[in-house]
Amino acid sequence: MARRLRYPLFLNALLAIVGGIPTIRLRQASRHPRLASERTLRDILKISAHTLYGSHHHFEHILSAPTSDELFALYQYLVPANDFEALRPFVERHKNGEKNILFPGSPYMYATTSGTTSQPKWVPMTRKYLKDVYGKMSHVWIWNFIKHRPKALAGHIFPIVGKECEGYAPDGTIYGSVSGVLVRDIPAIIKRHYTAPASVMSIEDYGARNYTLMRLAVQHWDVTLWATANPSTILELQRAVDENLDTMIEDIEKGTLSEKFDIPQAIRDELVDYMRPRPKRAQELREIRDANNGHILPKDYWPELQILSTWKCGNTKVYMDKYLDYFDLEQTFYQELGYIATECRFGFSLDDTIESVMFPHHHYYEFVAEEELDSPNKHFLQLDELEQGKRYCAYVTTYSGLFRYNMNDLIEVGGKFLNTPTIHMVSKVNGIVSLTGEKLYEPQFIDAVKQVEKDTDIKTNFFVGFADINESVYHFYFEFEDPDTTQETAEEFAKKVDEKLCEINIEYASKRASFRLHDPVAHRLITNAYARFKAACLDEGMRDGQFKFNQLMQDESRRGKFQVLVLGDMMSQVRSNVINRRAELADRFKERHQRIEERRLARSERRKQRKKDREQRRKARKQAH
């Protein structure tokens with residue numbers, strides 16, 4: 001059935017105004033990044049000058065600086081570089097109802113994410129930041145989609161965002177996902193294009209949530225924009241289609257939502273307006289399924305997909321490579337989502353590269369060169385001082401009370417957008433690992449192991465954890481105090497560490513619950529494993545004074561040195577695990593194929609029976625005449 005998207009003339013014209021004006025301002029700021037940086041810093045300091053934090057750090061004195069150089073120097077001298085733990089006492093006062101602490105008044109909401117301790121970060125968000133910064137950047141982002149694909153909003157939009165409301169602070173302020181709140185408050189002219197309401201993200205069961213998202217999206221042939229931060233989400237959502245295809249088609253045909261999924265009744269009631277019987281669409285999906293040996297992919301069920309937007313740099317490329325053949329990339333424009341974190345929307349891509357354009361009129365940025373990260377006397381550089389090809393740690397000052405905030409991200413500088421350098425993220429810095437967005441901190445891993453030691457009375461002499469991006473799994477290596485500790489005990493110990501990490505880190509728990517992170521793998525180390533590892537590093541030429549060691553890493557080279565220190569034939573074990581996993585997948589595929597074949601035969605038998613019944617009725621009528 002030939003169908004064509006209608007050109008959304010009115011909507012594009014509206015976005016040309018709403019997104020075009022902030023785009024012009026971005027270009028103006030990008031021509032003069034140092035001037036824009038100065039103006040932004042002065043504005044932020046002026047707004048917060050009479051707050052508790054501003055008074056403590058002499059914002060009014062900093063603002064008296066007559067030149068940009070003096071302004072930046074005074075700001076660095078009087079305001080220390082911060083991590084969240086340094087700001088937490090001020091945030092706690094806001095949470096408990098005090099005003100004018102980090103900024104005038106109170107936060108509009110808090111964005112929550114994992115922190116370096118068992119306490120999550122509660123990142124304050126002001127109404128000004130959400131409206132004048134995040135909102136206007138979003139307008140540029142959407143307008144940029146239209147410029148690349150004019151029909152990007154001609155059909156349905158499929159955004160994957162966080163849960164809008166996780167709960168409330170002691171003073172009643174909401175905390176949750178910034179993206180979820182923005183989707184909730186999106187103008188009706190855009191919202192009517194969404195495949196699902198924001199409430200779907202409140203479904204606690206991940207399997208049920210993924211099924212619901214895809215059931216509501218796949219019923220539409222004209223999904224034109226799909227945006228999700230983490231590429232691993234695409235794999236999980238496609239798995240929901242693969243494992244529930246027949247149920248999904250039946251739901252689409254009847255306008256229902258299968259009862260086998262744990263979905264609150266209130267959400268089911270809300271979704272009634274999003275579902276109606278679509279027998280033609282169901283038949284179309286069956287034909288696609290039958291023509292593709294029981295499988296359907298996004299390029300099949302969304303033939304008009306115009307834009308796909310996810311992270312593409314850093315670790316995420318491993319996941320991305322697994323699904324590129326899901327899409328027709330000659331038609332679908334696949335764009336890097338950009339450097340976006342819970343703390344702020346640092347920047348995003350405007351073309352088909354991984355480089356993010358920064359917004360110096362919305363944030364004040366500072367940077368420390370990679371080679372100075374461990375220096376006690378860091379040199380902080382301005383945005384216009386970055387060098388292409390070099391790597392830096394990023395710091396940011398925002399309209400939401402983050403002052404000289406260490407993003408703890410290693411970024412690399414690309415080319416320039418007008419006169420302003422572009423960047424892309426490379427990895428986390430110093431003891432933070434993130435495979436699918438969990439941001440697991442080294443202190444959290446250490447704390448989890450120590451708690452399990454206390455709970456089980458099983459002691460370790462040494463332990464280390466490694467993240468395996470290819471398998472989306474953590475490998476935990478333990479040198480137990482008792483050398484006769486069995487592999488079974490080691491696995492049980494690792495399981496309890498995993499449970500503790502879920503308690504400590506909310507994002508780790510989320511990724512484990514959604515199966516984006518698999519069960520951790522336990523390994524037993526030989527006696528004196530750490531000393532042997534260090535000796536191997538020194539033998540390779542590293543000086544003793546330079547030797548540094550993290551107990552949580554993503555470093556295949558260092559992990560290789562521990563693999564030779566594992567008790568037993570670890571490589572045989574790994575090969576056995578791989579073989580077993582492949583066999584399991586083969587069995588699952590065989591079972592699914594068998595079910596499909598059984599249904600096909602059953603349909604064939606029913607058709608034969610109906611034909612036989614018709615023939616008998618015809619003969620009976622003939623005899624009656």
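The values are calculated or read from the model by the stated rules, or taken from the named source; none is laboratory data. Because the structure is a prediction, the values reported are computed rather than measured. Cβ: placed from backbone, ideal geometry, glycine included. Neighbour counts: every protein chain shown. Quick note on the areas: whole protein, heavy atoms, side chains included, nothing else; ligands and nucleic acids left out. Shrake-Rupley method; radii C 1.70, N 1.55, O 1.52, S 1.80 Å.
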Taking the alpha-carbon centroid of each part, what is the distance from the stretch 95-170 to the stretch 394-473 in angstrom?
21 Å
Estimated vicinal HN-Hα couplings, Hz - the stretch 469-474 in sequence order (Karplus 6.51, -1.76, 1.60; Gly, Pro = x):
5, 5, 9, 6, 8, 9
Nearest-0.05 FRET efficiency for residue 598 and residue 503, computed from C-beta distance (R0 56 Å):
0.80
Applying 1/(1 + (r/R0)^6) with R0 = 45 Å to the Cβ-Cβ distance of residue 457 and residue 374, what FRET efficiency is obtained, to the nearest 0.05?
0.75
How much of the accessible area of the chain, in percent, comes from carbon and sulfur atoms when a 1.4 Å probe is used?
50 percent
Pull out a ≥ b ≥ c, the square roots of the eigenvalues of the alpha-carbon gyration tensor of the stretch 371-436, then state rounded if a/c is under 1.5, prolate if not and a/b is larger than b/c, and oblate in the remaining case.
rounded
Which residue, 408, 188, 277, has the largest displacement toward the positive end of the dipole of the chain when charges sit on each Cβ (Lys, Arg +1; Asp, Glu -1)?
277
Gap separating the Cα centres of the stretch 205-229 and the stretch 1-75, nearest whole Å:
34 Å
Over the chain, the sum of -39500 (n - 2.57) across DSSP H runs of at least four, divided by residue number and rounded to 500 deg cm²/dmol, gives at 222 nm -13500 deg cm²/dmol
Quick check: net charge around residue 313, other residues with Cβ under 15 Å of its Cβ, Lys/Arg +1 and Asp/Glu -1?
-3
Other-chain or far-sequence residues with amide H under 5 Å of residue 177's (modelled H):
163, 164, 165, 166
The chain: relative contact order from alpha carbon pairs under 8 Å, six or more residues apart, as a whole percent, is 12 percent
Rounding to the nearest 20 debye, state how big the charge dipole of the chain is about its Cα centre with +1 on each Lys and Arg Cβ and -1 on each Asp and Glu Cβ.
3960 debye
Anything over 18 Å Cα to Cα? Flag those among 390/534; 390/428; 511/561; 163/500, in the order listed.
390/534; 511/561; 163/500
Residue-normalised accessible area of the stretch 57-149, given per residue in Å² at a 1.4 Å probe
42 Å²
Going by the alpha-carbon gyration tensor, a ≥ b ≥ c the square roots of its eigenvalues, is the stretch 455-564 rounded (a/c under 1.5) or, if a/c is not under 1.5, prolate (a/b greater than b/c) versus oblate?
oblate
Using the Cα atoms of the stretch 334-413, I'd like the radius of gyration and the largest Cα-Cα distance, Dmax, both in angstrom.
12.6, 42
Given backbone amide H placed at 1.01 Å from N, residues whose amide H is under 5 Å from that of residue 417, ignoring those fewer than 5 places away on the same chain, are 422
Can you say what percent of the DSSP beta bridges in the chain, counting only those with both residues inside, are antiparallel? Round to 5.
65 percent
Would you mind computing the Rg to Rh ratio of the chain from its alpha-carbon coordinates, Kirkwood style for Rh?
1.02
To make sure I understand the rule: partners must be lysines, Cα under 16 Å from the Cα of residue 611, and not fewer than 8 residues away in the same chain. Which ones qualify?
619
By the gyration tensor of its Cα atoms, with a ≥ b ≥ c the square roots of the eigenvalues, what is the shape of the stretch 1-146: rounded for a/c under 1.5, prolate for a/b over b/c, or oblate?
oblate
Compute the length gained on full extension between residue 622 and residue 419: take 0.36 nm times their separation in residues and subtract their Cα-Cα distance, giving the result in nm to one decimal.
64.2 nm
Kindly list the residues of the stretch 395-438 that lie in the label zone of residue 239, defined by a backbone N under 17 Å from the point 7 Å along the Cα-to-C-beta vector.
435-438
Of all stretches in the chain that avoid chymotrypsin sites (Phe, Trp or Tyr not before Pro) placed in a DSSP loop and having at most 11 other Cβ atoms within 10 Å, the longest is 1-546
Counting sequence-distant residues (5 or more places) and residues on other chains, those with an amide H built under 5 Å from that of residue 426 are 410, 411, 412
Please find the FRET efficiency linking residue 73 to residue 16, where r is the Cβ-Cβ separation and R0 is fixed at 41 Å, and quote it to the nearest 0.05.
0.45
